[in-house]
Amino acid sequence: MVEKGTILLVEDDRAMSRLIRKWLECDGWNVLMAEDGQQAMELVTEHQPNIVVTDWDMPIVDGLEFCRWLRKQPVKKFVYVMMMTVRASPPEQVEGLNAGADAFLKKPVDRTELLAKLDAAKRIVSFEHELTEQANSDSLTGLSTRPLFSERMEVEWNRADRHHIPLSLVMLDIDYFKRVNDTHGHPVGDEVIKMVAKTLCETCRASDLVCRYGGEEFAALLPETDEHHAIQWAERIRDAVREKSVAAGDRRINVTVSFGVAQRLADTANGHSLIDLADQALLVAKRTGRDRVVGYRTISASNAPSADAAPTIDLLARIPARDVMTTIVAGIGQDEFVGRAAKYFLRFRINSAPVVDEEGKLVGVLSEKDVMSIMLCPKWWETRIRDVMKTDVVSYTADTSALAIYEFLCRVAIRGVVIVDDGRPTGVISRGSILRWFTNCLAVGIVKIPDADADALREIRPERDLADFQVNPIESLLAAVNAMGSESAELQQRLRANATDLLPCIVGGASRIQELVNDVLACSRVANETQLAVDSGDSSEWLVD
């Protein structure tokens, strides 16, 4: 006899429950038994039956209360509820339907009617399950969709947090997939995606969840797995994909896959943060040659400065963030419009800015990308910044060492951090900020260089003697100002000569002038401090351009 499925029978009359159980088992059903609603709750949580047949009047928890509880549970599949009752009036049936019942069976129970209604319930359950599978499955690969992946991520995250067990995430991307589509066509590209999806399914455990994250990108959630074993899993997938091929006309093509792996750590805030860590590792894998597996802990360790850099590390550790940061010109309020932010970005030639609340406290960050994401929407310029900004902004205080920020920016994908004073943004530090400061240490001299630091800088610039940089900062300032004058004159000449095509000329010239303005500001600070040192009789030497 073919098993029809699992039924939970909830009946406090033991004689009646034994009789109904015999009918159901003879008809091919697997039967679970409960004597009241409280026992039924426990069995639903543990077994998740397809169909529930419950009495209305029961001790402890009656049928109505049990139905209301059941409909509030985050069950993965639809559960059909049939209520047995002597209550046959329309108002009573309406009350049962509102509580969550799908059908009624009048007592005393007729065997033929019961089995017929259960066959009808089975058809409804099968149809509901089919619709659920279609909604939760990617149409091309059959893998889980992102919404289902997010739900499962939350469940596994809470379980890992509650029981202190590892949880890893793998992000993977098919290498040069656009080239496959452009060269062989989208049908071949679809076959490549299906081949990778099938390979993932063949290698996963029953507890793992793989989804098509978007386009040619996939995500795999590996419960009870640390980063080391997740990397081993990813390596097996990588080798398996390389050994397979896909038909492309009269020949076959091979593809490779890049992987980023991250494990949930004590300081990982949530599932979105875990995805971001795996994405950062994936980005490193793609930028270092593709067809490889990179773990987040690996890139964190590999990007740390070596012991040979100790003197320079010591120099960077003693420089506070306030001496490296770019001062914020003006703040952007979270209740202001995106249109103002767009003008702000264009005016100051920046690509992101901190967002503040009414008290001037940092609440988020807005980038050009955020603005562009809504730019094609009607009246996008009237959108409030609070509705577009990112709230997961990284900030440091002004007295944080530049070394700490340097090490952070070396191992993450984000481009910069915000410097705050009492929660209020005062500046930003990007990779470019640190690079500019460091090269200025060699070529401009924004800090006084003690002998020990001079030795450290000489070690990282061995091809030139440090004395080559010891020139008068006033001369550097004059040179920068003269260069601005020359650039302005050249811009005027180009404007007159290219009156029909102004944009490239203006943008290029303005960009060069802006860089010179930055140099003037840097040199002026050195010149001022040098003059103060001369006035005080301090003959210490400075490094300048």
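The values are calculated or read from the model by the stated rules, or taken from the named source; none is laboratory data. Computed from a predicted structure; not experimentally measured. Neighbour counts are summed over all protein chains in view; Cβ atoms, including those assigned to glycine, are modelled from backbone coordinates with ideal geometry.
Odds and ends about this structure:
Results for (1) of a type in the set (S, T, N, Q); (2) over 18 Å from Arg21 (Cα atoms); (3) within 34 Å of the chain's Cα centre (by Cα); (4) exposed (fewer than 14 other Cβ atoms within 10 Å of the Cβ), shown as yes or no for each residue.
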site	(1), (2), (3), (4)
Glu35	no, no, no, no
Gln39	yes, no, no, no
Leu43	no, no, no, no
Glu46	no, yes, yes, yes
Asn50	yes, no, no, no
Val53	no, no, no, no
Glu65	no, yes, no, no
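- Residue within segment 139-147 that is among the small types (Gly, Ala, Ser) and under 30 Å from Glu224 (Cβ atoms) present: yes
- If only residues of segment 89-141 that are in contact with a Ser or Thr (Cβ under 9 Å, 6 or more places away or on another chain) and over 30 Å from Cys211 (Cα atoms) are counted, the one that is surrounded by the fewest Cβ atoms within 10 Å (Cβ to Cβ) is Lys106.
- Residues in segment 222-257 that are in a loop (DSSP other than H, G, I, E, B), in contact (Cβ under 8 Å) with a residue 12 or more places away in the chain, in contact with a helix residue (DSSP H, G or I) (Cβ under 9 Å, 6 or more places away or on another chain) and farther than 16 Å from Gly289 by Cβ: Glu224, Thr225, Lys244, Gly249, Asn254.
- Residues of segment 286-338 satisfying the condition of being hydroxyl-bearing (Ser, Thr, Tyr) and at pLDDT 75 or above: Tyr296, Thr326, Thr327
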